[in-house]
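What follows is a set of notes on a single structure, which appears directly below.
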Amino acid sequence: MPKCQACQDEVDEVLRFKMNGKMRRLCEVCVEIAEEEAEISDGAYSAMKDMMEYKGR
Ligand SMILES: [Zn+2]
């Protein structure tokens, strides 16, 4: 069983979520939380910046 790297729960399926440039495997619940936290801390500007970075690579 895959394990969520945030809450350490064993789940049927983990989702890959990129956080601060690092790929983490999280359960659905933790992905939602992480997305919310990323929005709060980074705001819309960072989302724009990420998009630009993706284009650059
Ligand atoms: Zn989790």
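Label separation (Lys3 vs Glu32): 2.4 nm, computed from points 7 Å beyond Cα along the C-beta direction. The stretch between Lys22 and Glu10 holds 2.3 nm of extra length on full extension. This uses 0.36 nm per residue minus the Cα-Cα distance. Backbone geometry of region 28-33 corresponds, through the Karplus equation with coefficients 6.51, -1.76 and 1.60 at θ = phi - 60°, to 3J(HN,Hα) couplings of 4, 4, 5, 4, 4, 5 Hz, x marking Gly and Pro. Around Lys3, under 12 Å between beta carbons, what's the net of Lys plus Arg minus Asp minus Glu among the other residues? Taking every other residue near Lys3 into account, the sum is -2.
Under 5 Å between amide hydrogens, built in the peptide plane, is the criterion, and for Asp9 it picks out Cys4 among residues at least 5 positions away or on other chains. For the listed peptides 8-17, 27-36, a ranking on the average number of other beta carbons within 10 Å per residue, highest first, reads 27-36, 8-17.
Laboratory data are not the source of any read-out in this text; all were calculated from the coordinates shown. These numbers were taken from a predicted model, which means no experiment stands behind them. Glycine gets a Cβ as well: all are built from the backbone with ideal geometry, and neighbour counts include every protein chain shown.
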